[in-house]
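The values are calculated or read from the model by the stated rules, or taken from the named source; none is laboratory data. Note that this is a predicted model, so its numbers are computed, not measured. Ideal geometry is used to build each Cβ from the backbone, glycine not excepted, and the neighbour counts take in all protein chains shown.
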Amino acid sequence: MGTTNQYTLHTSQGCTASRGSVSITGKPGSSAQCAVTKSSNTGCAYQDTDARSYGQGFKDANGGVFIHLIESTGITAWFFSRNDIPINVQRNSPDPSTWGSPAAYWSSDTCDIAQHFHGLSLVIDSTLCGDWAGLEYGTSGCPGTCEQAVADPSNFESG
């Protein structure tokens, strides 16, 4: 994954990544196949090009906001660093038409959004140093190991 955030869809058969005619800032991942199979759980991803979206860059920028919009025409994902959060978001009146190009977009041209994404619940996973996160920590740009970072209480202070 490197030192930026990655947006990934994991679906059943019949869904592949396509940005259609939407201009995005992210880079396509290694696979356009979104379906999870017995031999592959890669999904279809876009890698954010903003170094502030992950790891040390995210910490140095004092975090930020990730926004995902699911519509029948596609799924869109944006990231805004703390100092770049649109005023309409800050005022609880989000207007995606004013936000510029998203980091990622999956068009309904190659993925039936209504078929693959319905009855959703938001799940925030705070697993620290798990199988995936523990392995990725070394590429995050953060110092030491994941275990050392989690053991240091100063890493959990709000500022």
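Taking the criterion of being of a type in the set (G, A, S), surrounded by 14 or more Cβ atoms within 10 Å (Cβ to Cβ) and closer than 20 Å to S107 by Cβ, would at least one residue in segment 65-72 satisfy it? No, segment 65-72 has no match at all. Among what's in segment 35-53 and is surrounded by 14 or more Cβ atoms within 10 Å (Cβ to Cβ) and farther than 21 Å from S101 by Cβ, pick the residue that is modelled with the lowest pLDDT. The residue in question is T42.
Of all residues in segment 31-48, those satisfying the criterion of being of a type outside the set (G, A, S) and without any contact (Cβ under 8 Å) to a residue 40 or more places away in the chain are Q33, V36, T37, K38, N41, T42. Counted as qualifying within segment 50-155 are the helices (runs of 4 or more DSSP H) with 1 or more residues that are closer than 25 Å to V36 by Cα, namely 113-116, 131-136. Report every pair of residues separated by at least 6 positions or lying on different chains whose Cβ atoms are under 6 Å apart, first residue within segment 54-75 and in the same structural domain as C44 (by TED's automatic domain parsing) and more than 30 Å from S21 (Cα to Cα), second surrounded by 14 or more Cβ atoms within 10 Å (Cβ to Cβ) and modelled with pLDDT of 95 or more. Close Cβ pairs (under 6 Å, with a partner that is surrounded by 14 or more Cβ atoms within 10 Å (Cβ to Cβ) and modelled with pLDDT of 95 or more) amount to A61/S81.
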